Amino acid sequence: VRSDSRVLTLVSVDPLRLALLIPEANAERVKEGAEVTFKVAAYPDRKFTGKVRFVSGAINATTRDLAVEAMVENKDRALKPGQFAEVDLGVGVRKLTAIKPRIAMSMSDP
């Protein structure tokens with residue numbers, strides 16, 4: 001072993017940091033303290049939650065994404081560092097116009 005060789009990596013498992021990349025179009029709606037819900041492949045029927053604790057001050061010039069970090073409690077140690085997550089991040093509510101479909105009438109109807 002040389003003096004510059006890495007012999008171990010310390011990993012914190014509770015709480016875990018969840019690193020997210022948010023598209024630039026949604027960047028203005030992401031706030032510290034927002035709740036994140038996510039799933040991992042190992043537990044497809046279980047939802048985990050966390051809170052946004054860091055929002056980067058700049059958009060990545062190459063990817064046009066905003067780096068965001070959430071903290072997740074992991075008391076039962078179900079989550080492992082390095083897992084990929086499918087994240088649901090509420091970025092607000094917006095009213096949209098809805099158009100009702102027209103019911104088609106048959107030729108025999110008056």
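The values are calculated or read from the model by the stated rules, or taken from the named source; none is laboratory data. Here the structure is a predicted model, which is why all the values come from computation and not from measurement. Note that each Cβ is placed from the backbone with ideal geometry, even for glycine, and that neighbours are counted across all protein chains shown. Note: accessible area is taken over every heavy atom of the protein model, side chains too, but ligands, DNA and RNA are not part of it. Shrake-Rupley method; radii C 1.70, N 1.55, O 1.52, S 1.80 Å.
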Can you find, among LEU21, LEU89, SER3, the residue farthest towards the positive end of the dipole of segment 1-90? Put +1 on the C-beta of Lys and Arg, -1 on that of Asp and Glu.
SER3
Heavy-atom accessible area per residue of segment 36-83, all protein chains kept, 1.4 Å probe, expressed in Å², is 62
P(r), alpha carbons of segment 1-46 - 10 Å bins starting at zero, rounded %
16, 32, 28, 16, 8
Residues of type aspartates and glutamates that LYS39 reaches as a straight line, Cα spacing below 18 Å, ignoring anything fewer than 8 places off in the same chain
ASP14, GLU69, GLU73, ASP76, GLU86, ASP88
7 Å from Cα along Cα→Cβ at both SER5 and LYS75: what's the point-to-point distance in nm?
4.1
Just the accessible area for VAL87, please: 1.4 Å probe, Å², rounded to the nearest 10?
60
Near LYS51, within a Cβ-to-Cβ distance under 11 Å, what is the net charge of the other residues, with Lys and Arg +1 and Asp and Glu -1?
-2
